[in-house]
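The values are calculated or read from the model by the stated rules, or taken from the named source; none is laboratory data. Since we're looking at a predicted model, the values are computed, not measured. We place every Cβ from the backbone using ideal geometry, glycine too, and count neighbours over all the protein chains shown.
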Amino acid sequence: MVANKVEIEAKKRTPKGHFVVYVGTELTRFVVPMSYLKNPTFQRLLERAADEYGFDNPDGIVLPCDASTFQSIIAFLDNKS
């Protein structure tokens, strides 16, 4: 039983140089690179999240958009770099 818990936790670990955000009402988990923090578009999304959910959200960083919109934002950011 303990091995299963360890396997589950290993899958949830965030790779070095990345962080986790949750998106949409279902709180879909995305692992994104730290370099996004420098991008003005992503910074505006984080500001909207802070305005909507505050800074002490127990769910972590929750972004105020749905998963498909966030995937479009990620594609845009990846194409810019």
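A few points about this structure:
- Test: residue in segment 31-51 that is loosely packed, with under 15 Cβ neighbours inside 10 Å and of a type in the set (Val, Ile, Thr): yes
- Figure legend. Inter-residue proximity from segment 43-55: first residues without any contact (Cβ under 8 Å) to a residue 24 or more places away in the chain and more than 13 Å from VAL21 (Cα to Cα), second residues surrounded by fewer than 11 Cβ atoms within 10 Å (Cβ to Cβ) and hydrophobic (A, V, I, L, M, F, W, C), beta-carbon distance below 7 Å, spacing 6+ or different chains. No pairs are indicated.
- Considering residues of segment 56-70 that are assigned to a helix (DSSP H, G or I) and within 11 Å of the chain's Cα centre (by Cα) only, the residue farthest from LYS16 (Cα to Cα): ALA67
- Residue in segment 10-21 that is assigned to a strand (DSSP E or B), surrounded by 12 or more Cβ atoms within 10 Å (Cβ to Cβ) and touching a His at 6+ places or on another chain (Cβ under 8 Å) present: no
- Here ASP78 passes the criteria (1) at pLDDT 90 or above; (2) surrounded by 10 or more Cβ atoms within 10 Å (Cβ to Cβ) except the one numbered (1).
- Filtering segment 25-80 to residues that are under 16 Å from THR14 (Cβ atoms) and of a type in the set (Phe, Trp, Tyr) leaves PHE30, TYR36.
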